[in-house]
Each structure stands twice: as structure tokens, then as C-alpha cells.
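Computed from the coordinates by the stated procedures, all read-outs in this text should not be read as laboratory data. Fair warning: this is a prediction, and the values are worked out from it, not measured in the lab. Don't worry about glycine lacking a Cβ; one is built from the backbone with ideal geometry, like all the others, and counts go over all protein chains shown.
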Amino acid sequence: MQKSTDLIIIGGSVIGSSVAYNLLKDGYTGEITVFEKDHLYEFSSTPRSAGGIRQLFTTAINIQISRYSLQHYKTFPEDMAIDGEKAEIDFKQRGYLFLAKNENLDQLQKQCTLQRQYGVPSDLLTPEELRTIIPELNITDLQGGLYCAEDGYLDPYSVMQGYVKKAKQLGATYVYEPVETILKNERGVSGVELANGDTYHAPIVINCAGPWAPLLSEKINCPIPVVPLKRQIIQFDIAEPLSYDLPLTVDPTGVYFRHEGKSLISGFSEVVKPGIDFKWSREFFMEQLWPVLGNRIDNFLHAKIKSGWAGLYSYNTEDQNAIIGEYPDLPGYYLASGFSGHGMQQAPAVGKGLSELIRTGNYQTLDLSPLRFERFAEKELLIEGAIV
């Protein structure tokens, strides 16, 4: 079966659905068809993420993206409401906190200065000030921390569903079938072929397929430096509750933790081989998380694992930043890939930017051109120093 549409989005999770939503909201009048192979979103990266929202980045473009996206998430329930029913996302603005030892302090000071240039109210705290946020914190080996009270965490599944439902209400068509390959001709991209043999023709195809994006791009000889990496999250309970609800806190080791209801969750970017893997293990908690958690907060010494899960980072091996925009030498083929764990928190700005680029040929709200694919050949990498 052959069909025609005006614009195809591969991947109907938070990035793809944000692109669809923003295009339609901004006045795009063509037919948008979104292909998503996982109709339950069971293995989608978005709902398996830690849900952090932060502006504490080290590059100007990421700070600006986060600043925009934060403001959007503050009004998300109202913006995405359907028939008067708000799209609640449980956004807890409890802050984001990077703890620092001596060797990290100068870098955090530079980050704070840059962040403040773009309106981010970040603060470099003394060890004693850290205890006002987390009274139970062990500060004996800490020299301070970088904190932003505006930041926090939310329910990523609800964000994704909010975008999906609103995009559908505005007219996007979702087809829950896997894309086998992207099609092209002498003029550029020409559509997609599904695993069931159906073909859909369109002059614009946007690859938002997350960890599966590089495979699809490779099939049409448009390689991208992105690999899937497993990331585990463990949920646990403690016997003695903490005094205050936690900010999303990142230890100098890279281990992070935050509240999840009355429980807590923790994770760490362990060294793993690239590949699709959704297995999680208690050993990961016992060997890599618990020693750090117990050292940082005594209450964590008496932890009981409640559950766990694994998701996938779409990891950009060159500079750990997103790849946004049209692929060179293949007109009509756009990328929104390689977010390296930041897709959900960057989705509002990326959707807006691609909407502008596709409709008008230019970025208007935020200049996302530093994230263009061509930066790799041009040796203009954007090295992000705050990867969690």
C-alpha cells in the first residue's frame, strides 16, 4: 500500500511529538504523519528517564535551551489542556544541586558566571549553605556546590503523553508501526517504508527515533555519531525520612539522587558497551550506588530496594550534544537526535526550533544552528561539561 503525506516524523515520543505539536500550533497546514513502533511507549527513553529539569549547563546554547524549556514546563498543564482538562506533569521545583570537591570548584564558578549571563539564578554555595538545603548531608569532603532553586524534576511520562494528545488534537496522525527504512530519490528524501511493506511518500522526513535513529540514518548512508547506551535507575526506601524534600542532587562521583514520592531514586552513568539493553540489576545499586549514597547521607545506609528499570541514552560520541537540523546533501531529511540524556528537558525548545526552521527556513526564537550536523566536519564541537 502506498500513501502520501506532507511531513513524516519517525518517533512519537517527547521529541517527535513536540515537533508535531509546535508545527501545528505555529500554523503549519500540511498533513503530519508520526510513526511510532512502540504503541505502549514501553521502551521509550522518555518515561524511563529521571525527569530532571535543569539550567545548570556549561555551554551557552544548552543554557538557553533549558531556560526556554523551563518556562514552557511551568505553564505546560494549561498549554496542553484538552477540553478544559489540564495536562498535569507533577513539576516539583525543588532545585538542582551539583556537589563539588576542591578540584571542581573553579569550574563550577565559571559555569555559574556563564549561567547568570543568560538569566539563570544559579548560586555557588559554601559547604555550610549546602546543609541548609540537605541538613543530613556529609560535607567533610566537599568545598561547595552549584545550586539553582528554579530547577527540579517532573513526571516524564506525563510530559510525553501531554505532547502526544495535544498533537493529535491539533491534527497530527499517529501510525503505530515500525519504520523499516527511509526513502530517497535524486531530489532528496522521499518518504519511508514500513516493516509491513507499506510506503508513505513525503518531501520532509524528521528522524526523532532516539536510540534507533542512527540505524535508520546508516541505512541511507547518512551516518550520525550516536550510539545507544544503557542507563539504570533504582528506586529505594529508607527507614528514617529526610528533613526536607531533595533537589535533584549530583554527587562529585556522578551518582545522582532525588525524591520520587516518599521513596527515592538514584542512578549513575556507568561504563557500558553500546547496544539495546533494558536489564537492570540489584548489584548495580549495591556495588556502584549504595557506597556513594551511604557516604553522602547516613539515612541512605539503611536502604531497601523497591524497584528498578533501565532506559537508553542516545549518546553523541563526539560532544554529547543534540544534533538538530537538516542533514547536508539530502534535502528534506532532518535530525533531532543524540540528546545524551537531555531529550525530555530540551523537547520544548527543539520542537519550537524545528517548527521555525521547516516553516520559514530560519530559526527565530532560539538560534539552534550551533547544534547543526555540519559542526563535526567544521571542527566546531560543543563540549558539554555537565553530563549526568
Region 304-335 and region 1-70 have their Cα centres apart by a whole-number Å value of 12
Within the chain, the percent of DSSP beta bridges that are antiparallel, given to the nearest 5, stands at 75
Between the modelled labels at Glu378 and Glu318 (7 Å from Cα along Cα→Cβ) the distance in nm is 1.1
Under 5 Å from the placed amide H of Val226, counting only residues 5+ away or on other chains, we find Thr317
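Calculated from DSSP H runs of 4 or more alone, at -39500 (n - 2.57) each and per residue, what is the 222 nm mean residue ellipticity of the chain, nearest 500? List each step's numbers first, then the result.
On the way: 9 runs with 101 residues, N = 388.
Estimated from H runs of four or more residues: -8000 deg cm²/dmol.
In the chain, which longest range has no trypsin sites (Lys or Arg not before Pro) that are both DSSP loop (not H, G, I, E or B) and surrounded by at most 16 other Cβ atoms within 10 Å? Walk me through the numbers on the way to the answer.
Values: sites that count: Lys86, Lys101, Arg187, Lys262, Lys279, Lys379.
Maximal segment without exposed cleavage sites: 280-378.
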So for R0 = 25 Å, FRET eff. of Ser243-Leu105 from the Cβ-Cβ r, to 0.05, ends up at 0.45
Under the 7 Å Cα-to-Cβ spin-label approximation, Gln235 and Asp277 lie apart by a distance in nanometres of 2.4
Flagged as over-length at 22 Å C-alpha distance, from Lys74/Lys230; Lys101/Lys379; Lys37/Lys230, the pairs are Lys74/Lys230; Lys101/Lys379
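Using 1/(1 + (r/R0)^6) with R0 = 22 angstrom and r between the beta carbons of Gln169 and Glu88, what's the FRET efficiency to the nearest 0.05? Spell out each step's value before the answer.
Values: r = 17 Å, r/R0 = 0.76.
FRET efficiency, Gln169 to Glu88: 0.85.
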Once amide hydrogens are built 1.01 Å from N within the peptide plane, the residues lying 5 or more places from Gln143 or on another chain with amide H under 5 Å from its amide H are Ala100, Lys101, Asn102
Expressed as a whole-number percentage, the relative contact order of the chain with C-alpha contacts under 8 angstrom and at least six residues apart is 23
Taking placed amide H atoms and a strict 5 Å upper bound, the residues 5 or more places from Gly325 or on another chain that come that close are Leu335
Out of Tyr163, Ile134, Pro203 - ranked by how far each Cα lies towards the positive end of the dipole of region 125-214, with unit charges on the beta-carbon of charged residues - the top one is Pro203
Longest the chain segment clear of GluC sites (Glu not before Pro) sitting in DSSP loops (not H, G, I, E or B) with at most 12 other Cβ atoms within 10 Å runs 187-377
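Starting from 0.36 nm per residue, how many nanometres of slack lie between Lys262 and Asp26 once their C-alpha separation is accounted for? Mind showing how you got there, number by number?
Details: separation 236, 0.36 × 236 = 84.96 nm, distance 3.99 nm.
Gain in length upon complete extension: 81.0 nm.
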In order over region 19-26: 3J(HN,Hα) from phi, Karplus 6.51/-1.76/1.60, θ = phi - 60°, whole Hz, x for each Gly or Pro, gives 4, 4, 4, 5, 4, 5, 5, 8
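Output the relative contact order of region 143-292, whole-number percent, from Cα pairs under 8 angstrom with separation of 6+ residues. Provide the component values of the computation, followed by the final result.
On the way: 160 pairs, mean separation 22.5, N = 150.
Rounded, it is 15 percent for region 143-292.
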Per the rule of 0.36 nm per residue minus the C-alpha distance, extending Ala149 to Thr253 adds in nm 35.3 nm
Label model pair His201, Thr126: point-to-point distance (7 angstrom along the Cα→beta-carbon line) in nm is 7.1
Toy charge model, Lys and Arg Cβ at +1, Asp and Glu Cβ at -1: region 242-340 dipole around Cα centroid in debye, rounded to 20, equals 580
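Placing unit charges on C-beta atoms (Lys and Arg positive, Asp and Glu negative, everything else neutral), compute the dipole magnitude of region 125-210 about its Cα centre in debye, rounded to 20. Walk me through the numbers before you get to the answer.
Values: 6 positive and 12 negative charges, 108 e Å.
For this selection, approximately 520 debye.
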Projected onto the charge dipole of region 253-349 (unit charges on the beta-carbon of Lys, Arg, Asp and Glu, signs +1, +1, -1, -1), the Cα from Val272, Val292, Tyr334 with the largest positive-side position is that of Val292
If every Lys and Arg gets +1 and every Asp and Glu gets -1 at its Cβ, then about the Cα centre the chain yields a dipole, in debye to the nearest 20, of 160
For Lys273, the aspartates and glutamates lying under 20 Å Cα to Cα, once residues fewer than eight places off in the same chain are dropped, come out as Glu218, Glu283, Glu287, Glu318, Asp319
